[in-house]
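One structure is given below, encoded as structure tokens.
The values are calculated or read from the model by the stated rules, or taken from the named source; none is laboratory data. Being a predicted model, the structure only gives us computed values, none of them experimental. FYI the Cβ positions are ideal-geometry reconstructions off the backbone, even for glycines, and counts take in every protein chain you see. The protein model used for the area step is the full one, side chains on, heavy atoms only, and it has no ligands, DNA or RNA in it. Shrake-Rupley method; radii C 1.70, N 1.55, O 1.52, S 1.80 Å.
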Amino acid sequence: RVNELGLSDVVTFAPFNPDVESAIKSVDIVLNFSEAESFSMTCLEAAYYGTALIATRCGGPEEIIDNGNTGITVPVKDTVAMSDALLQLANNAALRNQYAIAGRQYVITKFSIDGYKKTMQQAITGN
């Protein structure tokens, strides 16, 4: 379909890459347009590695992305919203950078081991 639309110069499909970190860091924007996810390792890794992120509001990504602050979430199957979000980030390097930095800090803080330990300790002791 990419060839039919004349997009082969700008859209590529890469083979399996065991080095997720370098793959994510080599792109400007990570897209995750799933229909349902309980948790999204793709979104978590993209944010952690400091890459701007657009994902659907399908459960898991909403735990990882603070819409409009650390990335963009769009409705499931809403191709207009998806393309609008992609164009917004593709045309604004400063916003991509802002989301990349904020997203990384957000997941490092929200999903930290120390934070998890503190939450569990509070649950156990009630303090």
Roughly what % of Cα-Cα distances in region 36-109 sit above 13 Å, to the whole percent? 60
Kindly give the semi-axes, whole Å and largest first, of the ellipsoid equivalent to the chain, taking each as the square root of 5 times a Cα gyration tensor eigenvalue. 30, 15, 14
Cα-based helix-to-principal-axis angle, 93-110 vs the chain, degrees rounded to 10: 30
Sorted peptide list for 6-17, 62-73, 107-118, criterion being average Cβ within 10 angstrom, highest first: 62-73, 107-118, 6-17
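Helix-only estimate, please: 222 nm mean residue ellipticity of the chain, summing -39500 (n - 2.57) across DSSP H runs of length 4 or more and dividing by its residues, to the nearest 500.
-14500 deg cm²/dmol, from helical runs alone.
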Take the solvent-accessible surface of the protein heavy atoms, probe 1.4 Å, and return the percent of it on the chain that carbon and sulfur atoms account for. 54
For region 87-126, projected area of the alpha-carbon convex hull averaged over all directions, nm²: 3.5
Counting Lys and Arg as +1 and Asp and Glu as -1, each charge on the Cβ, what is the dipole of the chain about the Cα centre in debye, to the nearest 20? 360
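Any idea of the accessible area per residue across the chain, 1.4 Å probe, to the nearest Å²?
Counting only protein heavy atoms, the per-residue value for the chain is 65 Å².
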